[in-house]
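Undergrad: The structure that follows is given in the form of structure tokens.
We did not get these values from a lab; they are worked out from the coordinates using the rules stated. All figures in this text were calculated on a predicted structure; none of them were measured in a lab. Here Cβ is always computed from backbone atoms with ideal geometry, including for glycine, and neighbour counts include all displayed protein chains.
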Amino acid sequence: MDFKLNILGEFFMKTSKTVASYLQSLTFTSSKENQLIDHALHQLELKQDETKVLSELCANLRLLAVKQQISKEGLELFTMLQKPNFGNDFGRTINLWF
């Protein structure tokens with residue numbers, strides 16, 4: 001699991017937005033990226049775990065980036081999902097050290 005997604009959770013805590021409302025506010029020029037967002041929104045409507053949904057969205061955006069088929073807007077979302085959150089990441093990984 002990719003724990004770098006915590007930065008997005010902190011963003012929503014600060015702005016009092018939900019993941020679904022944030023994803024709904026995004027607009028992409030690429031139909032592939034719109035399909036990924038629609039799929040993520042559908043999963044959230046089915047009450048699936050937000051971290052899992054965002055992790056899958058990040059993985060799919062990574063595939064588009066590798067294929068060089070990602071738009072500027074998609075790349076910005078992918079970058080935001082990949083930003084590390086050292087406070088939470090450190091706390092979760094300390095158990096792996098001992």
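Undergrad: Taking a point 7 angstrom from the Cα of L46 along the C-beta vector, which residues in segment 55-84 have backbone N less than 19 Å away?
TA: Counting only backbone N, you get 55-61.
Undergrad: To continue, here is another question. With the Cα gyration tensor of segment 14-61 in hand, give its eigenvalues times 5 under a square root as the equivalent ellipsoid semi-axes, listed largest first in whole angstrom.
TA: 16, 14, 10
Undergrad: Add +1 for every Lys or Arg and -1 for every Asp or Glu among the other residues with Cβ under 13 Å from the Cβ of S30, and state the total.
TA: Neighbourhood net charge equals -1.
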